[in-house]
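Please read the structure below before turning to the comments.
What follows draws every value from the coordinates through simple rules; no lab data is involved. Quick caveat, the model's predicted, so the values are computed rather than measured. Ideal geometry is used to build each Cβ from the backbone, glycine not excepted, and the neighbour counts take in all protein chains shown.
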Amino acid sequence: MDIRSNKPFWLVKNALAESYSALRVSLDTDVLIIGGGITGALMGYQMLKEGRQTILIDKRDVCHGSTAASTSMLQYEIDVPLHLLIEKRGLTCAVSSYQNCEKAIDKLKKISTEIKSNCQFNNKKSIYFCTSKKDKDFLLKEYNIRKAHGFKVAWLDSKSLNILGLKAYAAIESSSGAVMDAYKFAQDLLAFSSEKGLQVFDRTSADHIEFNKENIKVTTNHGTVIHAKHIINCTGYESTERLKETVVDLKSTYALASEAFAELPKPFKNHIYWNTSSPYHYFRSTADGRIIMGGGDEDFKNAKKRDALLPKKEKQLVKAFASYFPDIPFHLDYSWAGTFGETKDGLPYMGRPDLDKNEHYILGFGGNGITYSVMGMDAIASSLENKPHPYLEYYKFKR
């Protein structure tokens, strides 16, 4: 599956940060990670912490799938608002999911500091806004439920938003948000882990997987064989090609990066933004003074049709930006398309789809993919050891 098109801004900015060889010999290992994006990088790092011998493979150059296309906005706020998630999944699951996404942002910052990543991690406040009066009651209900459960939020009216530079009716301002360069972080984390013993091979795909009583036999595209006790699939939206259960609805999504501003406009110095529209728009700044925005999601049909819509989506997104931030000129510099996904409850999938197989998945679908992957680090050891963990219950398959 082609999960992105055009060259995303992060690839142009960073070029090919690291290069790894393909797997040309057969190997034995405790854990095989399939997928070398940010999720795979985090799982590889965690496996080192657990003292497990681990191999990671990716059919592309590492980090060249969805990670390269990510706009890298970090929020504890899930695509499904908290008050609706409580209705779908119950109070404990819903509130803890929001709380643990918030903790994941802090954990990500700590890891980036530990490995000395130049991923330009920057804490920001998050603004969730509406542009019509009819959405105010919806937004106010969400504000009240978050405040009741201890989240640090503030209510902003249209006057406050206009002073900030956003043309909107009302908004929830959350103190916990951040931005980063997820592509650079994942590359830095793989390099760090590789130096510590993680074996990384790119341009290597798992063409055939055979489950035996003693181990799992994986035959690669090069004809080499990996014998492993466990497989961790970190293949994101491409996992739909192997899973029997339908767990996600695929969407085409689009993103733009502006030319760099001589001075970053005031609204983007300390905030990131997303709105109540369906599909929603979202906005952030970069360390080099650009504004990135995304949205315009549509049902995914195929990569060719997705990519053909890019010129049309560019115009729509630039027009939308002007309606929200009328005093800021958005001069388009880069645009790209990618594949996005929505689950029925906005939550990830973690654990084993088949309890008779040592095949595990960490699938952080949706706008919280990065924070979900960080949460998956806590769940994966329990999954490998067949021990209970709250995440393996909340985010299980066949739920």
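Structure summary
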| item | result |
| --- | --- |
| Residue-by-residue Karplus 3J(HN,Hα) for the stretch 335-342, coefficients 6.51, -1.76, 1.60, Hz, glycine and proline x | 9, 7, 10, x, 9, 10, x, 10 |
| J(HN,Hα) series, the stretch 355-362, from Karplus relation 6.51 cos²θ - 1.76 cosθ + 1.60, nearest Hz, glycine and proline x | 5, 8, 10, 8, 10, 10, 10, 10 |
| Mean Cβ neighbour count within 10 Å, used as a protection proxy, ranking 54-63, 212-221, 272-281 highest first | 54-63, 272-281, 212-221 |
| Kirkwood hydrodynamic radius of the stretch 249-342, Cα pairs, Å | 13.7 |
| Charge dipole (debye, nearest 20) of the chain; +1 at Cβ of Lys and Arg, -1 at Cβ of Asp and Glu | 760 |
| Computed P(r) (all Cα pairs; the stretch 3-162; 10 Å bins; percent) | 8, 27, 29, 23, 10, 3, 0 |
| The stretch 193-281: relative contact order as a whole-number percent, Cα under 8 Å and 6+ apart | 12 |
| Cα-derived Rg to Rh of the stretch 122-214, Kirkwood definition | 1.29 |
| Kirkwood Rh, angstrom, the chain [1 / mean 1/r, Cα pairs] | 21.5 |
| Unit charges on C-beta of K, R, D, E only; dipole of the stretch 76-178, Debye | 140 |
| Span-like helix ranges in the chain, DSSP H, alpha carbon extent 20 angstrom or more, Kyte mean at least 0.0 | 369-384 |
| MRE, 222 nm, helices only [DSSP H, n ≥ 4, -39500 (n - 2.57), over the chain, to nearest 500] | -10000 deg cm²/dmol |
